[in-house]
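*Asks:* Have a look at this one.
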Amino acid sequence: MLPTKSLALKQEKAAAGYKKSKDRVTVLACSNATGTHKLKLALIGKARKPRAFKNIKMNGDHFDLPVFYRHQSNAWMSESTFNEWFHKQFVPEIKKHLKSQNLPMKALLILDNATTHPAVDVIQDGEIKAMFLPPNVTSLCQPMDQGVLVTLKKLYRKKLLSCLIQALDEGVELVDKLKKIDMLDVVDWISQAWDELNPLTLVRSWRKLLDHQGNEFNEEIKDDELATLMEKIPGCEEASPTDVFEWMEQDEESGPTSEEEIVDALKSREDSEEESEDDEDTTQKSKLTHSEGVKFFEGAIQYLQEQGTTGMDILFLRRLRDEAARRRNQIRHLDSSTPPR
């Protein structure tokens, strides 16, 4: 989803058959009160098997991904999905963590009072159980709503903006780039954002329930920082922290709508711009250029997809490809800023 000021958003609305900005997923985040154990995120999409997952191996009944992926017709949480997450993801991860810390097999999962969550006596496994908060207090004391989810969203959208800015640097139209963002990109960005989230943010999120003194929430990523990135998006040249706030609130204004699967972005791209090589010493093998590195990783990604390798391997190669592209673009910026001789 782009900021409402963006020119690309206006083009996007005019593009025939393009409804990407209304796509939604639901993310479930869970951690312990000390911030030492962040459970793998659960991510709910609409499609049972997104097109971008077509070459991702299955591990039992779920995709081998850095998130626990499930699907619903409206991409919302449901009672059955929550039950499945609790018994297949939460309980095994908690038991593994408790065992690693030599702690007794006891844990309490604190939940908001949502209609999609089952009754307490249903979601229990021995001494690992759940407790519901009273109605209408989620925004007041539910830990994940005390700065964790908003920080996660900001980290995610920072990655989205960085991806779009990189596309602009490469001469790619924003709408074209948006159309190529697929569910695997979403999984990669949101899982990276969760990994990067400071454990202290998690500790502070429990301050109201555990009465932490002098442990107030402190923003990890400021609106000013996102505004600086937004300024590089066409139509957002005068972006302010207020625009960032409004952008963060846009997805709260309406619920999930129909989600069409997006075309796979892993297609090889021609790159005609090559960096100059130092060929004075012909006895030494020339180093690969950054552009050649990007092509190499794209070829490796395509090969692994065709071989049906794990999602983690593909995501790892994507990150290496993005790093090679970032370094290539730095060289281009330096070349363009060098005055003529």
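The values are calculated or read from the model by the stated rules, or taken from the named source; none is laboratory data. For clarity, every value in this text was computed on a predicted model and none was experimentally measured. Cβ: placed from backbone, ideal geometry, glycine included. Neighbour counts: every protein chain shown. We work out accessible area using only protein heavy atoms, side chains counted, and drop any ligands, DNA or RNA first. Shrake-Rupley method; radii C 1.70, N 1.55, O 1.52, S 1.80 Å.
*Asks:* Could you check I262 against (1) at pLDDT below 80; (2) open to solvent by less than 40 Å² (accessible area, probe 1.4 Å); (3) farther than 22 Å from Q72 by Cα and say which number it fails?
*Replies:* So the condition that I262 fails would be (3).
*Asks:* Any idea which residue in region 228-238 is modelled with the highest pLDDT, counting only those that are crowded, with 18+ Cβ neighbours inside 10 Å and out of contact with any Ser or Thr (no Cβ under 6 Å at 6 or more places or on another chain)?
*Replies:* In this case the residue turns out to be L229.
*Asks:* Related question: Could you give every pair whose Cβ atoms fall below 6 Å, whose first residue belongs to region 183-194 and is under 18 Å from K49 (Cα atoms), and whose second residue is surrounded by fewer than 22 Cβ atoms within 10 Å (Cβ to Cβ) and not hydroxyl-bearing (S, T, Y), counting only separations of at least 6 or pairs across chains?
*Replies:* Listed pairs, sorted by first residue: D188/L315.
*Asks:* Here's another thing I want to ask about it. Looking at region 136-196, what helices (runs of 4 or more DSSP H) fall wholly within it and have at least 3 residues that are open to solvent by 50 Å² or more (accessible area, probe 1.4 Å)?
*Replies:* 148-169, 174-180
*Asks:* Name the single residue, out of those in region 61-78 being open to solvent by 70 Å² or more (accessible area, probe 1.4 Å) and either outside any strand (DSSP E or B) or at pLDDT below 85 (or both), that is farthest from R24 (Cα to Cα).
*Replies:* This residue is D61.
*Asks:* Sticking with this one: Residues of region 116-135 being part of a loop (DSSP other than H, G, I, E, B), modelled with pLDDT of 70 or more and on the phi < 0 side of the Ramachandran plot, which ones?
*Replies:* T116, H117, P118, I123, E127, L133, P134, P135
*Asks:* Here's another thing I want to ask about it. Which of the residues spanning region 121-134 are farther than 18 Å from L28 by Cα and out of contact with any helix residue (DSSP H, G or I) (no Cβ under 8 Å at 6 or more places or on another chain)?
*Replies:* D121, Q124, G126, E127, P134, listed by residue number.
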